Amino acid sequence: MTVCRICNSPIEAFMSFGRMPIANGFLTPDQIPNEYFFELAPAYCEACGMFQLIEQPAPEKMFHENYAFYSSTSRYMQAHFERFADLVQERVLKDRVDPFVVELGSNDGIMLRHFKARGQRHLGVEPASNVADVARASGIQTISEFFDSKLAERIVAQHGQADAVLSANVMCHIANLPSVAEGIRRLLKPDGILMFEDPYLGDMVAKTSYDQIYDEHVFIFSATSVSNAFGRHGLELIDVLPQITHGGSMRYVLAPKRSHGVSENVAAQKAKERDQGLDRPEGYAKFKANCENSRTRLMETLNGLRAKSARVVGYGATSKSTTVTNYCGITPSHVAWISDTTPIKQGKLSPGAHIPVRPYENFVKDYPDYALLFAWNHAAEIREKEKAYEATGGRWLYFVPQVEIV
Ligand code: TYD
């Protein structure tokens, strides 16, 4: 028995995905003896609704100078963050004098570059120094530290309060969410807006996309849990905007209590979450059974392909794939190697399963018979790009929302 990271109520894991390495911990063979593992076990809190990991490795083990995720690798994501920045402009900054925007986890500057381009005051907070350096090199103001309430006070002292605080695929990484929420409240102007988006619990449960559960994602948010967690720090959920990114995300809009009107979307989304069973044990018992069935079907398929000596490779050495390979027991005998465009991952082994990661050029040079689509959330972009692979008879193996060969 342990306690909720938000409200301290007792919680218990409803399932375990077993021993897991760091999802972005791509490694060289000599590092295998020292590979770090922890137990990946999710729980949800019946009191405040927060879906969370029981155990999370120390942040320094995940977000450091060798952090392997560069946001700008996807063209679609670049366009997505341009639209996000436009919305902030339209909905928050339009009529404000000399506005100030802060982004938490600004990575390589994929979103802040649009504020910089307008000559607006901006600040990125990005603890992974390698990606922060990429942002700085293009003139985006960035500090390389972990955000908390102390850093919030320093930022206010130096720059004043913020009109908008933003983050994308970052808030759900922060175990110390109460300190971050408190810091954001101090950082925001009394009429400021907090807008952030993360993979959405409702989509994950509906699609059995259990691969969203990995070390970095200490929380998978819902409208209910976000409203409760930030409400404790004087921030009110005023709108929710569903997004298609990362296989189904939610953008949450929050503001200091009673500073803005509340959209009816908020109550409607919370009602949907109750209808989906996200507030009770049965909802998660069903999710657990769906994860187990998905694993069984995926391994039946991969074992079948191996039996007929088909050439199978992975497409996209995503963080998510670490949960899939380790939970299902996928080995290099099933998936010979994984194609990925990120230089820092190439030539290394995937965490835990130790499947070699090779440059994308190898995929194009010698198409496999089947590609296991680990980057399923980018399916539209990838299928568009890989028409030639399909034309030569190459097939895709999907596992979300169900296991199928297309
Ligand atoms: P993403 O789903 O954004 O990652 P995560 O699960 O880590 O959040 O996928 C990004 C990874 O997929 C990254 O390593 C680059 C790789 N990738 C390709 O190799 N080719 C592609 O066309 C795309 C879109 C991604």
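The values are calculated or read from the model by the stated rules, or taken from the named source; none is laboratory data. From a predicted model like this one, the values you see are computed outputs, not experimental measurements. Glycine gets a Cβ as well: all are built from the backbone with ideal geometry, and neighbour counts include every protein chain shown. The protein model used for the area step is the full one, side chains on, heavy atoms only, and it has no ligands, DNA or RNA in it. Shrake-Rupley method; radii C 1.70, N 1.55, O 1.52, S 1.80 Å.
Name the shape class, rounded, prolate or oblate, that the alpha-carbon gyration tensor gives for segment 1-136, where a ≥ b ≥ c are the square roots of its eigenvalues, rounded holds for a/c under 1.5, and otherwise prolate holds if a/b is larger than b/c and oblate otherwise.
oblate
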Need the C-alpha centroid separation for segment 128-162 versus segment 261-322, integer Å. 35
Virtual spin-label span in nm between residue 405 and residue 158, 7 Å along Cα→Cβ: 5.6
Let's test the formula: R0 of 30 Å, r as the Cβ-Cβ distance of residue 133 and residue 19. What FRET efficiency results, to the nearest 0.05? 0.35
Cysteines having no other Cys beta carbon under 4.7 Å from their own, within the chain: 172, 291, 328
Length gained when the stretch residue 274-residue 366 is fully extended (0.36 nm per residue, less Cα-Cα span): 28.3 nm
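Given 0.36 nm per residue, what is the gain on full extension from residue 60 to residue 306 after removing their alpha carbon distance, in nm?
Values: separation 246, 0.36 × 246 = 88.56 nm, distance 3.83 nm.
Result: 84.7 nm gained on full extension.
Going highest first, how would you order 36-43, 183-190 by mean Cβ packing within 10 Å? Intermediate values should be presented prior to the final figure.
On the way: 36-43: 18.2, 183-190: 20.5.
Packing order, densest peptide first, comes out as 183-190, 36-43.
Which of the trypsin sites (Lys or Arg not before Pro) found in segment 92-161 are loop residues per DSSP with 15 or fewer other Cβ atoms within 10 Å of their Cβ? Provide the component values of the computation, followed by the final result.
Numbers: sites: 94, 96, 113, 116, 118, 121, 136, 150, 154; in loops: 94, 96, 118.
When the trypsin sites (Lys or Arg not before Pro) of segment 92-161 are filtered for loop state and at most 15 Cβ neighbours within 10 Å, 94, 96, 118 remain.
Counting Lys and Arg as +1 and Asp and Glu as -1, each charge on the Cβ, what is the dipole of segment 220-276 about the Cα centre in debye, to the nearest 20? Let's see the in-between values first.
Numbers: 7 positive and 5 negative charges, 32 e Å.
The calculation lands at about 160 debye.
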Check residue 142: other-chain or 5+ apart residues with amide H under 5 Å from its amide H, H built from backbone geometry? 124
Hey, what do the phi angles of segment 325-340 turn into as Karplus ³J(HN,Hα) couplings, whole Hz, using 6.51/-1.76/1.60 and θ = phi - 60°, x for Gly and Pro? 5, 7, 5, 7, x, 7, 10, x, 6, 8, 10, 5, 7, 10, 8, 8
Once you put a point 7 Å from the Cα of residue 12 and another 7 Å from the Cα of residue 117, both along the Cβ direction, what distance in nm separates them? 5.3
For an R0 of 25 angstrom, estimate the FRET efficiency from the Cβ-Cβ distance between residue 28 and residue 299 and round to the nearest 0.05. 0.35
For Cα pairs less than 8 Å apart in space and 6+ apart in sequence, what is the mean separation divided by the residue count of the chain, i.e. the relative contact order in percent? 15
For segment 138-149, 3J(HN,Hα) per residue [Karplus equation, 6.51 cos²θ - 1.76 cosθ + 1.60, θ = phi - 60°, Hz, x = Gly/Pro]: 9, x, 8, 5, 9, 10, 9, 8, 7, 7, 7, 5
Full-stretch length increase - residue 150, residue 82 - with 0.36 nm per residue and alpha-carbon distance subtracted: 21.5 nm
In Å², rounded to a whole number, the accessible area per residue of the chain with probe 1.4 Å is 40
Inter-probe distance in nm under a simple model that places probes 7 Å from Cα toward Cβ, at residue 47 and residue 383: 4.5
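How high is the FRET efficiency between residue 39 and residue 232 when r is their beta carbon distance and R₀ equals 35 Å, given to the nearest 0.05? Write down the numbers at each step before the final one.
On the way: r = 28 Å, r/R0 = 0.80.
It comes out at approximately 0.80.
Normalised by the number of residues in segment 69-211, what is the relative contact order in percent for Cα pairs under 8 Å and 6+ residues apart?
Details: 224 pairs, mean separation 30.0, N = 143.
Relative contact order, segment 69-211: 21 percent.
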Let me make sure I get this right: for the chain, a, b and c are the square roots of the gyration tensor eigenvalues over alpha carbons, sorted descending. Under 1.5 in a/c it's rounded, otherwise prolate if a/b > b/c, else oblate. Which is it? prolate
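So what is Rg over Rh here for segment 140-241, counting just Cα atoms and using Kirkwood for Rh? Don't jump to the answer; show the numbers that get you there.
Values: Rg = 14.3 Å, Rh = 14.5 Å.
In segment 140-241, Rg relative to Rh is 0.98.
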Which of these, 177, 123, 241, has the largest mean-square fluctuation under a Gaussian network model of the chain (Cα springs below 10 Å)? 241
Net dipole in debye of segment 89-220 [+1 Lys, Arg Cβ; -1 Asp, Glu Cβ; about Cα centre; nearest 20]: 520
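Taking all protein chains as present, what is the carbon and sulfur share of the accessible area of the chain, in % to the nearest whole number, probe 1.4 Å?
Its accessible area is 49 percent carbon and sulfur atoms.
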Given a cut-off of under 8 Å on Cα pairs at least six residues apart, what relative contact order in percent is computed for segment 186-324? 28
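Report the charge-dipole magnitude of the chain in Debye, nearest 20, computed about the Cα centre from +1 at each Lys and Arg Cβ and -1 at each Asp and Glu Cβ.
Numbers: 43 positive and 47 negative charges, 72 e Å.
In total the dipole reaches around 340 debye.
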Which angle between 0 and 90 degrees, to the nearest 10, do you get for helix 264-275 versus the longest principal axis of the chain when only C-alpha atoms count? 40
